[in-house]
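Colleague: Before I ask anything, let me first share the structure, which is written out below as structure tokens.
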Amino acid sequence: MRIKRKVCFITGTRAEYGLLCPLMEKVQQSLKLEIKVIATGMHLSPEFGSTYKEIHKDGYKIDSKIEMLLSSDSDIGVIKSMGLGLIGFADALSDINPDIVVILGDRFESFSAAIAATVLKIPIVHLYGGETTEGAYDESFRHSITKMSHMHFTSAENYRNRVIQLGEHPDSVFNVGYIGIDNIRKSKLLSRLEFERSINFKLSKRNLLITFHPVTLESSTAKLQFSNLLNVIEKLKGTNVIFTKANADNDGRAVNRMIDEYVDEHKETSCVFDSLGRLRYLSAMQYVDGVVGNSSSGLTEAPSFKIGTINIGDRQKGRIRASSVIDCTPEEEDINSAIKKLYSLEFSNFVKNTTNPFGSKGVVKRIINIIELNIDNLILKKSFYDLKK
């Protein structure tokens with residue numbers, strides 16, 4: 001009898017898990033693969049909603065929990081968290097001894113996992129390399145993880161080309177599309193009434209979904225930028241606001257305190273969640289007029305709902321975007337102008353024809369087929385692929 005190959009998923013945040021979940025489901029169902037799960041980072045923090053419980057609720061066993069998140073969100077705090085993570089991943093991966101490790105994205109938790117897997121000689125499968133976020137040091141983490149990885153899945157052809165440009169052999173780089181689009185198509189989303197009951201909050205005639213993360217390559221700008229956004233939101237008439245909290249990045253906790261204070265003072269028109277979870281978050285997009293802030297979901301998922309995105313500042317600079325994305329600076333005047341455009345009849349009609357550049361069917365199935373076909377053929381030693389001149 002053929003032994004199942006162990007596939008170990010690393011997850012540290014709610015958003016990352018939301019994308020990995022359908023892929024985890026297919027691995028769990030596979031006759032050739034055995035799923036292993038390591039939860040870390042924000043998942044284990046009560047401050048960020050203890051979202052590891054969602055993993056249990058979805059029916060997955062967590063094989064190892066790695067506590068690495070310090071209460072400090074300063075530069076030094078993030079570095080120390082990475083050090084703790086590296087120690088934890090060394091023990092966890094050594095004990096689990098997987099055949100491959102699956103890492104998505106660019107977070108510092110993922111970077112620590114990639115370093116440990118590299119030294120332990122465990123092949124890495126990396127999802128969504130080649131993308132750019134020029135406002136965050138995640139950009140460097142992502143490209144570094146790409147260089148440590150042995151199989152690559154990208155969300156767009158431009159990103160596949162960039163991974164090859166980084167020296168990865170074309171035969172190991174697969175443009176499969178974005179898993180989030182599969183999630184939208186396959187999810188049975190909540191009705192408006194079901195959604196309102198699930199969040200214990202009544203929607204208004206106009207509604208916005210707001211997620212704002214600090215721009216980590218800027219020094220202490222988060223509070224001022226987010227304050228500008230709040231000042232604009234406070235002046236809007238007939239608009240209710242749903243906030244989801246920032247990640248554990250530099251100054252993320254400062255942003256979250258500002259959200260809590262705002263919601264305390266505007267309970268009739270706003271609500272806040274550490275994590276809405278995948279189903280409620282996608283359901284929310286059905287009923288809001290737009291997504292506001294600088295979360296990647298505004299670029300990757302919101303266009304599929306034919307709604308606008310107000311993308312503030314430089315965090316997502318360099319990423320592919322749909323025509324429904326309104327870019328603006330973090331200045332009050334620009335944010336206000338962007339919201340006026342979002343609410344305009346002209347834009348409302350225009351956005352109905354939006355095409356999501358990441359829209360591709362059957363992403364998860366393609367990824368699983370490729371992993372099953374190649375898992376026994378991954379070679380740790382890689383040659384740098386030079387582009388032909």
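Colleague: When the residues of segment 40-60 are narrowed to those that are closer than 20 Å to P22 by Cβ, out of contact with any Ser or Thr (no Cβ under 7 Å at 6 or more places or on another chain) and not basic (K, R), which ends up surrounded by the fewest Cβ atoms within 10 Å (Cβ to Cβ)?
Modeller: G59
Colleague: Right, something else. Any chance segment 136-145 includes a residue that's within 24 Å of V363 (Cα to Cα), modelled with pLDDT of 95 or more and in contact with a strand residue (DSSP E or B) (Cβ under 7 Å, 6 or more places away or on another chain)?
Modeller: yes
Yes or no, residue by residue, for (1) within 21 Å of L127 (Cβ to Cβ); (2) in contact with an Asp or Glu (Cβ under 7 Å, 6 or more places away or on another chain):
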{"residue": "G293", "(1), (2)": "no, no"}
{"residue": "T300", "(1), (2)": "yes, no"}
{"residue": "K306", "(1), (2)": "no, no"}
{"residue": "L342", "(1), (2)": "no, yes"}
{"residue": "T354", "(1), (2)": "no, no"}
{"residue": "F358", "(1), (2)": "yes, no"}
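Colleague: Taking the criterion of being within 23 Å of the chain's Cα centre (by Cα) and within 30 Å of L373 (Cα to Cα), would at least one residue in segment 186-193 satisfy it?
Modeller: Quick first cut of segment 186-193, residues within 23 Å of the chain's Cα centre (by Cα) only: 186-190.
Subsequent filtering for residues that are within 30 Å of L373 (Cα to Cα) retains 186-187.
The answer is yes, given that some residue of segment 186-193 is within 23 Å of the chain's Cα centre (by Cα) and within 30 Å of L373 (Cα to Cα).
Colleague: Condition (residue is in a helix (DSSP H, G or I) and surrounded by 19 or more Cβ atoms within 10 Å (Cβ to Cβ)) applied to segment 149-156: is it met by at least one residue?
Modeller: no
To keep it simple, each residue is scored yes or no on (1) among the hydrophobic types (A, V, I, L, M, F, W, C); (2) outside the structural domain of D251 (by TED's automatic domain parsing); (3) at pLDDT 95 or above; (4) in contact with a Cys (Cβ under 8 Å, 6 or more places away or on another chain).
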| residue | (1), (2), (3), (4) |
| --- | --- |
| P22 | no, yes, no, no |
| T40 | no, yes, yes, no |
| I87 | yes, yes, yes, no |
| A90 | yes, yes, yes, no |
| D95 | no, yes, yes, no |
| L104 | yes, yes, yes, no |
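Colleague: For S275, indicate whether it is closer than 23 Å to S81 by Cβ, in contact with a Ser or Thr (Cβ under 9 Å, 6 or more places away or on another chain) and either surrounded by fewer than 21 Cβ atoms within 10 Å (Cβ to Cβ) or among the small types (G, A, S) (or both). It would help to see each step written out before you state the result.
Modeller: Numbers: closer than 23 Å to S81 by Cβ: yes; in contact with a Ser or Thr (Cβ under 9 Å, 6 or more places away or on another chain): yes; either surrounded by fewer than 21 Cβ atoms within 10 Å (Cβ to Cβ) or among the small types (G, A, S) (or both): yes.
Against the criterion (closer than 23 Å to S81 by Cβ, in contact with a Ser or Thr (Cβ under 9 Å, 6 or more places away or on another chain) and either surrounded by fewer than 21 Cβ atoms within 10 Å (Cβ to Cβ) or among the small types (G, A, S) (or both)), S275 qualifies.
Colleague: Something else: Residues K188, K267: which one is surrounded by fewer than 22 Cβ atoms within 10 Å (Cβ to Cβ), at pLDDT below 95, of a type in the set (K, R) and not in a helix (DSSP H, G or I)?
Modeller: Sole residue among the options that is surrounded by fewer than 22 Cβ atoms within 10 Å (Cβ to Cβ), at pLDDT below 95, of a type in the set (K, R) and not in a helix (DSSP H, G or I): K188.
Colleague: Just need a number here: residues in segment 233-250 that are in contact (Cβ under 8 Å) with a residue 60 or more places away in the chain and crowded, with 22+ Cβ neighbours inside 10 Å.
Modeller: Of the residues in that region, 4 qualify.
Colleague: Okay, next question. Which residues, counting only those in segment 61-115, are surrounded by fewer than 16 Cβ atoms within 10 Å (Cβ to Cβ), more than 13 Å from I38 (Cα to Cα) and among the polar types (S, T, N, Q)?
Modeller: The answer is S71, S72, S74.
Colleague: Can you name every residue in segment 94-111 that is in contact with a strand residue (DSSP E or B) (Cβ under 9 Å, 6 or more places away or on another chain) and either within 21 Å of N374 (Cα to Cα) or outside any helix (DSSP H, G or I) (or both)?
Modeller: I96, N97, P98, D99, I100, V101, V102, I103, L104, G105
The values are calculated or read from the model by the stated rules, or taken from the named source; none is laboratory data. Here the structure is a predicted model, which is why all the values come from computation and not from measurement. Virtual Cβ from ideal backbone geometry, glycine too; neighbours counted across all protein chains shown.
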